[in-house]
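The values are calculated or read from the model by the stated rules, or taken from the named source; none is laboratory data. Here the structure is a predicted model, which means the values were calculated and not measured. Ideal geometry is used to build each Cβ from the backbone, glycine not excepted, and the neighbour counts take in all protein chains shown. Areas reflect the complete protein model, heavy atoms only, side chains present, ligands, DNA and RNA absent. Shrake-Rupley method; radii C 1.70, N 1.55, O 1.52, S 1.80 Å.
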Amino acid sequence: ETGCFTYDVGFTATAACKSAITYIDGDAGVLLYRGYPIEQLAKNSSFLEVAYLLMNGELPSKTEFDTFEHEVTHHTMMHEAFRTFLYGFRHDAHPMAMMVGMLGSMASFYHGSLDLEDAEQRRLAAIRLIAKVPTIAAACYRYSIGWPIRYPKNNLEFTTRFLHMMKEVPSEPLELNPVAAKALDLLFILHADHEQNASTSTVRLVGSTGANPYACVAAGVAALWGPAHGGANEAVLQMLEEIGRPENVGSAVAKAKDKESGFRLMGFGHRVYKNFDPRAKIIREMCHQVLNELGVNDPLLEVAMKLEVAALKDEYFVQRKLYPNVDFYSGIIYKALGIPTEMFTVMFAIARTAGWVSHWLEQQTDPEAKIGRPRQIYTGYAERDYTALDKR
Ligand code: SDX
């Protein structure tokens, strides 16, 4: 009716890119980082070791890890001018909005990393991002609650250092529970990379133009923020709080099946996994253990478990192969660790920075890499002539 034409484009799905970093088998529920099963890394590794693995392709020797850890530790400080930039935001800005701005501004502090031909500058940019994103994340949070920013303490390991920067208050010594750091480090491992998800594809698309690595990661943070992607962990908690009690689960499932409602079960479904997300299985088990060890009794855990059982029994979800994904249980643990809801996606960004910089580095050294240029199926008008104003 609009005179448009349709044509057979002979459209075949083409892979976005080649990558050796992460492998997913969505039907079997398999996730491998550089060939290592996520279950084994979750059990035996640390986030910083996984970051090294993703970046370099191999698990580090003791010397290699110590060198890497020393480098990351000595790049955690941010330039003092960052404060001025940060203090320009409204206090009530969402931390993810601040993160997009702060990471983009890193490009204005490190001119050397504009020379992408220099392998050492590329590697240094990756190290700086892994090291500084937690410092910036903690600063954004503290600014949003009116607390003074805390400097990173180099005598602490990566995740403990982040928790210290986020939670230490000037007026009293911080008692950090080691269970909290261990649980958060495991969540960082599980969120570190995931093949060509929306935010990683964004980083690669921006990187394919030769843009500055800090600008690439800022674009990745923006993509991650959406509730269909990384923002889902925050949306899951809001959904569970709205459901409120186990007896309301049935109506929530019914509402999620009614297209008109526009309501979806956040934390359910996945573009690739048509089986259980292996990360969701690990996090579900972690939930019980962490809440027990922290002595936290969160009624939302019972709501989540009831919701999972009800959905997995329902034909609508079974037919569409909708299973809990990585975001379904993670928010319950973040909440038990005392991390506020608006910081949940920031946690995801801290972890995924390891994956983003690894994909960016891989792309920069790929001789076949070209500028990203997705095509489209045109559905507009066929060619037509201009009509003079007095004839319209
Ligand atoms: C992440 O890509 C990655 O790897 C991402 C990630 C990573 O590590 O980077 O794994 C992290 O982003 C996990 C996903 C977090 N998002 C959510 O939990 C939001 C809720 N889920 C969805 O909106 C949805 O499931 C997606 C976006 C995750 C996946 O969407 P798809 O594969 O494009 O599925 P679809 O939208 O085409 O839906 C297929 C059908 C539809 O019904 P029909 O049209 O066939 O009748 O399933 C329905 C949808 O309406 N559906 C849901 C649903 N998800 C899909 N119905 C109810 N609740 C849901 N959550």
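Specify which of the listed residues (A183, A192, A218, A198) is at pLDDT 95 or above and over 29 Å from T67 (Cβ atoms).
Of A183, A192, A218, A198, the one residue that is at pLDDT 95 or above and over 29 Å from T67 (Cβ atoms) is A198.
With respect to the numbered conditions (1) more than 22 Å from the chain's Cα centre (by Cα); (2) among the basic types (K, R); (3) assigned to a helix (DSSP H, G or I), which one is the sole condition not fulfilled by R204?
Of everything listed in (1) more than 22 Å from the chain's Cα centre (by Cα); (2) among the basic types (K, R); (3) assigned to a helix (DSSP H, G or I), R204 misses just condition (1).
Taking segment 308-324 only, how many residues are near the ligand (Cβ under 8 Å from one of its atoms) and either under 10 Å from I283 (Cα atoms) or aromatic (F, W, Y) (or both)?
The qualifying residues number 2.
Could you tell me which of the residues K62, K132 is among the basic types (K, R), at pLDDT 95 or above and surrounded by 13 or more Cβ atoms within 10 Å (Cβ to Cβ)?
K132 is the lone residue from the list that is among the basic types (K, R), at pLDDT 95 or above and surrounded by 13 or more Cβ atoms within 10 Å (Cβ to Cβ).
Please return the ranges of helices (runs of 4 or more DSSP H) entirely within segment 210-258 where 1 or more residues are of a type in the set (S, T, Y).
Counting at least 1 such residues, we get 213-224, 249-257.
Give segment 198-235 a look and list any residue that's touching a residue at least 40 places away in the same chain (Cβ under 8 Å) and of a type in the set (S, T, N, Q), or say none.
S199, T200, S201, S208, T209, N212, N233, listed by residue number.
Pick out the one residue from V236, V203 that is more than 11 Å from the ligand (Cβ to nearest atom) and buried (at least 23 other Cβ atoms within 10 Å of the Cβ).
V203
Which of the residues spanning segment 33-70 are closer than 20 Å to H359 by Cβ, more than 22 Å from the chain's Cα centre (by Cα) and among the acidic types (D, E)?
E58
Kindly establish whether I371 is closer than 19 Å to A304 by Cβ and among the β-branched types (V, I, T).
Against the criterion (closer than 19 Å to A304 by Cβ and among the β-branched types (V, I, T)), I371 does not qualify.
Which residue is farthest from the ligand (Cβ to nearest atom), if the candidates are limited to segment 330-366 and must be of a type in the set (S, T, N, Q), out of contact with any Phe, Trp or Tyr (no Cβ under 8 Å at 6 or more places or on another chain) and open to solvent by less than 30 Å² (accessible area, probe 1.4 Å)?
Among them, the one singled out is Q363.
Against the conditions (1) surrounded by fewer than 22 Cβ atoms within 10 Å (Cβ to Cβ); (2) away from the ligand (no atom under 14 Å from the Cβ), where does K281 fall short? Just the number, please.
In the conditions (1) surrounded by fewer than 22 Cβ atoms within 10 Å (Cβ to Cβ); (2) away from the ligand (no atom under 14 Å from the Cβ), K281 misses (2) alone.
Return the residue satisfying two criteria in turn: it lies in segment 190-200 and is open to solvent by 30 Å² or more (accessible area, probe 1.4 Å) and farther than 16 Å from L53 by Cβ, and of such residues it is farthest from the ligand (Cβ to nearest atom).
Step by step, filter segment 190-200, then rank; the result is Q196.
Quick one: A222 ticks every box in (1) closer than 29 Å to F47 by Cα; (2) crowded, with 21+ Cβ neighbours inside 10 Å; (3) among the hydrophobic types (A, V, I, L, M, F, W, C) except a single one, so which number is it?
(2)
Within segment 258-278, how many residues are open to solvent by 40 Å² or more (accessible area, probe 1.4 Å) and within 7 Å of the ligand (Cβ to nearest atom)?
So the answer is 6.
Collect the residues in segment 161-187 that are in a helix (DSSP H, G or I), open to solvent by 60 Å² or more (accessible area, probe 1.4 Å) and over 21 Å from A131 (Cβ atoms), keeping them in residue-number order.
Of everything in segment 161-187, just one residue is in a helix (DSSP H, G or I), open to solvent by 60 Å² or more (accessible area, probe 1.4 Å) and over 21 Å from A131 (Cβ atoms), namely P178.
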